[in-house]
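See structure below.
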Amino acid sequence: MPPTPQAFPTRACRLAFSAISCSLACAALLVAGCSNKPEAACGASCAPAAKWTELALIAGHLGGPGWVDGPASSAHFEGPFSLAFDGKNHLYMTDASRIRDYELSSNTVRTIAGGPTPGSADGDVAKATFFQPNGILVADNVLYVADEENNTVRKLELATKKVTTLTGQARVVGHNDGVGTAALYQEVMGLAWDRAAGLLYLTDTDNHTIRTLDLKTGVVTTIAGKATVSGTDDGIGAAARFALPVALTLDVASQTLFISDTGNLSIRKMTLADLRVSTVVAALPGDAAHALVVNGSELFATVASEVIAVSISTGTIRTVAGSATTPGFVDGTGAAARFVAPYGMAPDGHGSVFIADPGGNAIRKLGLASAAVTTVAGGSSMGAVDGVAETSRFSRPQGVAEVSPGLLYVADTQNDAIRSVALASGKVSTVAGALGKAGHMDGQPAAARFDRPAAIALDAGRYVYIAELGNKDLRRIDLSSGAVSTLALKSEPVSAAVKLTAPQGLAFDQGHLYVTESARILSVDIAAGKISVLAEDPGTSTVFAALAGIVADGHGKLLVADVLKNSVLQVAIDTGAVTTFVGPAELGVDRLYYPRQLALRADGTLFVADAYSVRQVNKDGSELTTVVGVLDGRGVRLGKLPAQLSESTAIALTSKGTLAIVVESSILEAR
């Protein structure tokens, strides 16, 4: 049960060290109990924070998975898969269970059908649903969609904004030919269009066949392969064999259909005049081709993390852009460019192709002659750059603390460094360690080395403490000198060795550090150099399941986020006794969803960063409200609150009463 209000008695603001003002103690330590002190004595941070009205970007660059419409650079994609370009102004794409449109003239992205919940409903685009749609093409102001998990082919009329199922039956598996919904499929995935013949060509992937849909009569016909029988045989029509054919493209000039035969890691071709199937490439190196585009005498394909070109006549392969062995997200030319996992392609009609990079949550563009790769919409947010505001880059930071009014320290985890962010200007600097250079070295800031610094805590302005995932150590930075040192710790009791393994959260209180690790809380007596277990689950997940963020309330208790219990737990420092502060049982459907990070205001108000929002919990744990983000959102949308968030990796209250939020390798502020 939640504790009574007496669990947070009003007390005078306590100083941890005489060298720091009460204002900074309240802001940095976030201890409770300053509400009865004059602001002149205790600082404005002890007064109730003003109501936040907007979410703003302070530093870094937004990017990552999600569904956010808007300007292309700030749009979010969950996993853009297949692309279709109308040759003029609209690039259409399948994105998880949504159909989306990137309008080139306005440089904006919008969702035109589908939503977060998969389904098979036809009708108006506002209500129509899809289930992992795959192939997509645009013809005569109509979008044709291979709705993979529904085993259907759908059409979306752009003029009327209506969705209709043309063939197949939702969630019904089969391999029948026939008219309209009498035909059945087993994961139809690829589409190609023959305008002159009025036909759609389809890959019926799990049936290992190539089929046609006559758009005038609705008749579905299997033209190559044999249903449910896989193989590698070349031949005519039903004599040919495929293994999980996926992508296909039609070369209108030669009336040849090219097919990615993914189960065989091969590229096949079929001449439409006689339905003869032959092999262009018998075995691609490493992976199957995800998408195919014909350009003159070559066939371009996305394979693994690169784009290759295949000679149609000889099968010779050359790399155009990216690297088969080194995925990443880098714009550049040829081998200097990087893709995470490129998939769909669509020619722009001017010598370039658009490429869906679902692993990078972005739409990229490749010049076929120049091999230059650029990002046109969405994108990755990670990097390693000092700078101001959006010019700076972080790589999956996991910890944040305000070390002095308006100055944040950030544990830039994947960059192996500690960075600073000035809230007023957005200026980002590396204060200790070297970007991208992991190691373990104490000393002056530039010489120090870290290995995946994660949790971070401040002890009232003297030291910043850092828990490292890579080195499994506790380090600290002396704020007066900048020197980095490692805490020398011995187990208490000596008979039971205690070592740091995978720290998730870190809090400082009265000379002690408290560290969360999965299903236990460790206590570190800094002066004595001793580490011990404060509380631990016996292995049954009855006490702890997956601990993350932790804060000290300044009154002998710790508040700890348990991700899998969807709860914030309360732990008594003197006894290790654990109770539930706020959890699903008390709040019913309006509960916490995978809470990870915590921040505690001086008046006892708790802020919890859960799956896609920041929630506010009153000081007795009885009321919960959403203050930033929406419960069903995914991806960051800035602006007027509630705005939208992805999963936050760190939060911290600031001395000016705002909330710093680390998300998508960027620093945001609710203010």
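The table for this structure:
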{"read-out": "Tail beyond 13 Å, pair distance distribution of the stretch 69-116 (Cα, percent)", "value": "52"}
{"read-out": "Among the listed pairs 162/640; 155/216; 565/656; 437/472; 619/640, those beyond 22 Å (Cα-Cα)", "value": "162/640; 565/656; 619/640"}
{"read-out": "Partner aspartates and glutamates for residue 51 [C-alpha distance under 14 Å; skip if fewer than 8 residues away on the same chain]", "value": "669"}
{"read-out": "Calculated log₁₀ intensity ratio I(q)/I(0) where the Debye formula runs over C-alpha points of the stretch 318-449, q = 0.12, 0.13, 0.16, 0.17 Å⁻¹", "value": "-0.59, -0.66, -0.85, -0.90"}
{"read-out": "Residue-normalised accessible area of the chain, expressed per residue, 1.4 Å probe, Å²", "value": "37"}
{"read-out": "Distribution of pairwise C-alpha distances over the stretch 96-142, 10 Å bins, in %", "value": "25, 53, 22, 1"}
{"read-out": "Rg/Rg_globular for the stretch 48-128, with Rg_globular taken as 2.2 N^0.38 Å and Rg from C-alpha atoms", "value": "1.34"}
{"read-out": "Tail beyond 50 Å, pair distance distribution of the chain (Cα, percent)", "value": "25"}
{"read-out": "Radius 13 Å from Cβ of residue 422, net charge of other residues (Lys, Arg +1; Asp, Glu -1)", "value": "0"}
{"read-out": "Kirkwood hydrodynamic radius of the stretch 188-243, from inverse mean 1/r over distinct Cα pairs, in Å", "value": "11.4"}
{"read-out": "Radius of gyration and Dmax over the Cα atoms of the stretch 500-615, both given in Å", "value": "13.4, 46"}
{"read-out": "Square roots of five times the Cα gyration tensor eigenvalues for the stretch 438-482, Å", "value": "17, 14, 6"}
{"read-out": "Kirkwood Rh, angstrom, the stretch 451-521 [1 / mean 1/r, Cα pairs]", "value": "12.6"}
{"read-out": "Viscosity 0.890 mPa s, 25 °C: Kirkwood-radius Stokes-Einstein D of the stretch 385-425 over Cα pairs, µm²/s", "value": "236"}
{"read-out": "Tail fraction, Cα-Cα pairs, the stretch 207-271, threshold 15 Å, whole percent", "value": "50"}
{"read-out": "From the C-alpha gyration tensor of the stretch 225-313, square roots of 5λ in Å", "value": "19, 17, 9"}
{"read-out": "Cα-based radius of gyration of the stretch 495-541 once divided by 2.2 N^0.38 Å, which approximates compact folds", "value": "1.13"}
{"read-out": "Normalised alpha carbon radius of gyration of the stretch 263-393 [divisor 2.2 N^0.38 Å]", "value": "1.15"}
{"read-out": "The chain - percent of accessible surface contributed by carbon and sulfur, probe 1.4 Å", "value": "53"}
{"read-out": "Per-selection metrics, the stretch 182-335 (Cα): Rg and Dmax in Å", "value": "15.5, 49"}
{"read-out": "Å³ per residue enclosed by the Cα convex hull of the stretch 398-486", "value": "76"}
{"read-out": "Cα-based Rg / Dmax (Å) for the stretch 523-568", "value": "12.3, 35"}
{"read-out": "Average Cα contact separation per residue, the chain, under 8 Å, 6 or more apart, as relative contact order %", "value": "13"}
{"read-out": "Total formal charge among the other residues, if their Cβ is under 15 angstrom from that of residue 476, Lys/Arg +1 and Asp/Glu -1", "value": "-3"}
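The values are calculated or read from the model by the stated rules, or taken from the named source; none is laboratory data. Computed from a predicted structure; not experimentally measured. Backbone-built Cβ (ideal geometry, glycine too); neighbour counts: all protein chains shown. Accessible surface is based on the protein model in full, side chains and every heavy atom, while ligands, DNA and RNA are left aside. Shrake-Rupley method; radii C 1.70, N 1.55, O 1.52, S 1.80 Å.
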